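Shown next, in structure tokens, is the structure this report addresses.
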Amino acid sequence: MDDAIRILIGKPGLDGHDRGAKYIARALRDAGYEVIYSGIRQTPEALVNMALQEDVDVLGLSLLSGAHNELFPRIMSLLNEKGGDDILVFAGGIIPDEDIPGLKDIGIAEVFPPGSPIQAVIDVIEKWRKDR
Amino acid sequence: MSLHDERNRWEEETLAPVLGKFPERHDGALTTASGLPLERVYVPEDAGLTADESTFRERFGFPGEYPYTRGVQPTMYRGRFWTMRQYAGFGTAEESNERYKYLLNQGQTGLSVAFDLPTQIGYDSDHPMAFGEVGKVGVAIDSLADMETLFANIPLDKVSTSMTINAPAAILLAMYVAVAEKQGVPPDKLRGTIQNDILKEYVARGTYMFPPAPSMRLITNTFAYCTEHMPLWNSISISGYHIREAGSDAVQEVAFTLADAIAYVDAAVHIGLDVDAFAGRLSFFFNASPDLLEEVAKFRAARRMWARILKERFGAKNPRSMAMRFHAQTSGAALTAQQPLNNVVRVTLHALAAVLGGAQSLHTNSYDEALSLPTEQAARTALRTQQILAYESGVANSIDPLAGSYQVESLVDEIEKRATEYIAKIDAAGGMVRAIDDGMIQNEIEESAYRFQREVEEGRRVIVGINKYEVANEPPVDRMKHDAEAEQRQAEEVARVRVHREANAVQTNLARLESAARDTNGDLMEPILECVRSYATLGEISDTLRTVFGEYRQHTAV
């Protein structure tokens, strides 16, 4: 399928809690997308390289340690530098509401709190597919 | 002999010697709220039933006696409540030291140190891998200097301290011993626990450093050190908690935790330690999850299984070796970011399961856990939850009060049966280290986690506030704010330590550690202690070991 959307679910930072990341990866695959999971403890550089090498359309970031305000901006600026600025980026994990506007400002399309249904993620991807 | 006679025997043989040393809270005069008399421990005859005495002894027995189904101490909470031990730590050592002193002032009875992720993975705060993570999920410790600050004005001969540290557990234990030395407290007076459980890091928690073989060696080195020098210290806390958080069910939690425990005992016996010399200091850590009765059954089943495993599989002779002491923590994964105050109720139910299940110590989560680290108010409410259970609920006034419930006892048997089958499967696969290497355990956990989440998504499993009774536009709750400067301050502090120490001593000690590590049979605790005393940093010691041991890489397939 030529128009299949390719997705990388990435775990930047040092936290090893990837129950959510693995669930999202598998549920998105069940929904018909091509999905790769990075595994835990990836640097921003490694994740961005993986996204570009794998030629993904979408990058989902999962972080539960509270380091999102440091790591997500670095990932976004690396993506821009290296020509990955057309990739749709969304995020999930333990991310306080008040941090969300700042993350959207740097180009993260949506931030999903714990307990978000998978359909909410799919809706964001499908809306982006239509609009692109 | 009736079971009443049997209870009299227990009171004379097992209870009386302990009562002499540790009297009951109210001198045995505990009653219900309305003044009804309470037995210490109930038997079928108290409910007008009869039971076959030998079956009763084999399956349940009495508290403090094999097979420990009913609890590990003869007095349980009638003597002393469980230790209320709240996991805490954030930012720098100075800030965490303040929080510990606050918690001790509020009536907390033991410390539990949360380290940040760079510390847990052996990186100094100025290492590139530490970027953004310093002081976030716990306190940053780079060297003995930080550890001295962390425990300043906390007398280490008076508190017990649990440290959630795994891959570099030997290094942090050495720092604790060295701080105690400076306070004039010898290691044999220290009480506490290091988590030191690497196998569950590979399958569930992720803070591994080295491959399994050298990791197991570090663990048996700490067993040997603790056996010789630290008789009051728990050399490991074999943890099902994170396995459950990663998505396993209750049976898998018991089975995989006990399979990990079997691997550690095997490894220690293999290097020549006598099982009865160290098994009494092995401790456990379980999750207290939402299904109240299943959880109570789980704790009771785990105790009985461990007693049988130690006796039958390892030939232990000392009853202490067979008694499973465990810490419990309420489930983090069961808490919701939506309508967070509902979590206070959830935590109460989880904590009740742990208390009815006979936990030795307990951490109750804060209601804001799905949002951030706890605020001071949320942390206090969590501690108050335990105090209300202890002082107001009455469930601590008799021992193992749910024993004899047809449902609970049937669940205990079923959990034991299914977990035993799992352990047999793991044995057949070549043991737990092999089963982890093959990805078998990870797959099992992932399948359960996926199944659970699908049930939630499809509404077959209701979580209040998530897929039923949602509210729009919730008012915001207070959140703990991270100190954005902590990383910078901590990086400067470790740089300062590197300048102000005796460089030659550090180099010599690190070189000695490296050669000890290359000798595959050598002890590593003493060389690590020397490194720590000379203010070698956690990162330097870890890098030295990485040079020799290499690093573990997870294979991921989803």
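Worth a mention:
- Some residue of the range B:93-115 being without any contact (Cβ under 8 Å) to a residue 24 or more places away in the chain and among the small types (Gly, Ala, Ser): no
- Residues of the range B:306-334 that turn out to be outside any loop (DSSP other than H, G, I, E, B), open to solvent by 10 Å² or more (accessible area, probe 1.4 Å) and either within 22 Å of B:Glu245 (Cα to Cα) or among the aliphatic types (A, V, I, L, M) (or both), as a count: 4
For every residue, the table says whether it meets (1) within 12 Å of chain B (Cβ to nearest Cβ); (2) without any contact (Cβ under 8 Å) to a residue 12 or more places away in the chain; (3) not in a strand (DSSP E or B).
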| residue | (1), (2), (3) |
| --- | --- |
| A:Asp3 | no, yes, yes |
| A:Leu8 | yes, no, no |
| A:Gly20 | yes, no, yes |
| A:Arg26 | yes, yes, yes |
| A:Ile36 | yes, no, no |
| A:Ile40 | yes, no, yes |
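- Options A:Ala120, A:Ala91; residue that is touching a residue at least 12 places away in the same chain (Cβ under 8 Å) and small (Gly, Ala, Ser): A:Ala91
- Assessment of the range A:54-66 against the conditions (open to solvent by less than 30 Å² (accessible area, probe 1.4 Å), touching a strand residue (DSSP E or B) at 6+ places or on another chain (Cβ under 8 Å), at pLDDT 95 or above and within 11 Å of chain B (Cβ to nearest Cβ)) yields at least one matching residue.
To keep it simple, each residue is scored yes or no on (1) surrounded by fewer than 24 Cβ atoms within 10 Å (Cβ to Cβ); (2) within 14 Å of chain A (Cβ to nearest Cβ).
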| position | (1), (2) |
| --- | --- |
| B:Pro212 | yes, no |
| B:Thr220 | yes, no |
| B:Ser235 | no, no |
| B:Tyr241 | no, yes |
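- Across the range A:76-132, the number of residues qualifying as polar (S, T, N, Q) and more than 28 Å from B:Glu133 (Cβ to Cβ) comes to 1.
- Some residue of the range A:3-13 being surrounded by fewer than 24 Cβ atoms within 10 Å (Cβ to Cβ) and of a type in the set (A, V, I, L, M): yes
- Only one of the listed residues (B:Val506, B:Val499) is away from chain A (no Cβ under 14 Å), within 25 Å of B:Pro128 (Cβ to Cβ), open to solvent by 20 Å² or more (accessible area, probe 1.4 Å) and among the β-branched types (Val, Ile, Thr). That residue is B:Val499.
- Those residues of the range A:102-122 which are within 14 Å of chain B (Cβ to nearest Cβ), in a helix (DSSP H, G or I) and within 28 Å of B:Glu457 (Cβ to Cβ), in sequence order: A:Leu103, A:Ile118, A:Gln119, A:Ala120, A:Val121, A:Ile122
- Within the range B:138-162, being crowded, with 24+ Cβ neighbours inside 10 Å and out of contact with any helix residue (DSSP H, G or I) (no Cβ under 6 Å at 6 or more places or on another chain) holds for B:Gly138, B:Ser162.
- Among residues of the range B:243-280, those that are closer than 17 Å to B:Ile198 by Cα and not acidic (Asp, Glu), counted: 16
- Residue in the range A:23-30 that is open to solvent by 20 Å² or more (accessible area, probe 1.4 Å) and among the acidic types (Asp, Glu) present: yes
- Among the residues of the range A:79-99, the ones that are closer than 16 Å to A:Pro12 by Cβ, within 14 Å of another protein chain (Cβ to nearest Cβ) and open to solvent by 20 Å² or more (accessible area, probe 1.4 Å) come to 2 in all.
- Of the candidates B:Glu455, B:Glu446, B:Glu369, the single residue that is open to solvent by 30 Å² or more (accessible area, probe 1.4 Å), over 21 Å from B:Thr109 (Cα atoms) and assigned to a loop (DSSP other than H, G, I, E, B) is B:Glu369.
- Residue in the range A:80-97 that is modelled with pLDDT of 95 or more, more than 27 Å from B:Phe115 (Cα to Cα) and of a type in the set (Val, Ile, Thr) present: yes
- Only a single item in (1) open to solvent by 50 Å² or more (accessible area, probe 1.4 Å); (2) more than 30 Å from A:Val121 (Cα to Cα) is not met by B:Glu416, and it is number (1).
- Between A:Pro73, A:Pro12, the distinction of being out of contact with any Lys or Arg (no Cβ under 8 Å at 6 or more places or on another chain), touching a residue at least 40 places away in the same chain (Cβ under 8 Å) and under 23 Å from B:Phe131 (Cα atoms) belongs to A:Pro12 only.
- Against the test of being modelled with pLDDT of 95 or more, assigned to a helix (DSSP H, G or I), open to solvent by 20 Å² or more (accessible area, probe 1.4 Å) and small (Gly, Ala, Ser), the options B:Ala261, B:Ala268, B:Ala224, B:Ala204 yield a single qualifying residue, B:Ala224.
- Residue-level analysis places B:Arg512 outside the set of residues that are surrounded by fewer than 17 Cβ atoms within 10 Å (Cβ to Cβ), more than 10 Å from every other protein chain (Cβ to nearest Cβ) and within 30 Å of B:Ala379 (Cβ to Cβ).
- Residue in the range B:472-494 that is over 27 Å from B:Gly91 (Cα atoms), part of a loop (DSSP other than H, G, I, E, B), in contact (Cβ under 8 Å) with a residue 12 or more places away in the chain and within 13 Å of chain A (Cβ to nearest Cβ) present: yes
- The condition of being touching a Phe, Trp or Tyr at 6+ places or on another chain (Cβ under 6 Å) and either farther than 25 Å from A:Gln119 by Cβ or at pLDDT 95 or above (or both) does not hold for A:Ile36.
Residue-wise test of (1) of a type in the set (Val, Ile, Thr); (2) in a helix (DSSP H, G or I); (3) touching a strand residue (DSSP E or B) at 6+ places or on another chain (Cβ under 8 Å).
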| site | (1), (2), (3) |
| --- | --- |
| B:Lys101 | no, yes, no |
| B:Val113 | yes, no, yes |
| B:Tyr123 | no, no, no |
| B:Asp126 | no, no, no |
| B:Lys136 | no, no, no |
| B:Asn153 | no, no, no |
| B:Tyr176 | no, yes, yes |
| B:Lys182 | no, yes, no |
| B:Thr193 | yes, no, yes |
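- Selection from the range B:335-355 of residues that are open to solvent by 20 Å² or more (accessible area, probe 1.4 Å), in contact (Cβ under 8 Å) with a residue 60 or more places away in the chain and hydrophobic (A, V, I, L, M, F, W, C): B:Leu341, B:Leu352
- Residue that is over 25 Å from B:Glu253 (Cβ atoms) and away from every other protein chain (no Cβ under 12 Å), where the choices are B:Gly539, B:Gly459: B:Gly539
- Inspection of the range B:31-44 finds a residue satisfying the criterion of being modelled with pLDDT of 95 or more and in a helix (DSSP H, G or I).
- Residues satisfying the stated conditions in the range B:495-532, i.e. outside any helix (DSSP H, G or I), at pLDDT 95 or above and over 28 Å from the mean Cα position of the chain (by Cα): B:Arg501, B:Glu502
- The set of residues in the range A:44-53 being within 14 Å of chain B (Cβ to nearest Cβ) and open to solvent by 40 Å² or more (accessible area, probe 1.4 Å) consists of A:Glu45, A:Met50.
The values are calculated or read from the model by the stated rules, or taken from the named source; none is laboratory data. Just so you know, these numbers come straight off a predicted model, no measurement behind them. Using ideal geometry, Cβ is built from the backbone for each residue, glycine included, and neighbour counts are taken over all protein chains shown. For the accessible areas, the whole protein counts, side chains as well, though only heavy atoms, and no ligand, DNA or RNA atoms are used. Shrake-Rupley method; radii C 1.70, N 1.55, O 1.52, S 1.80 Å.
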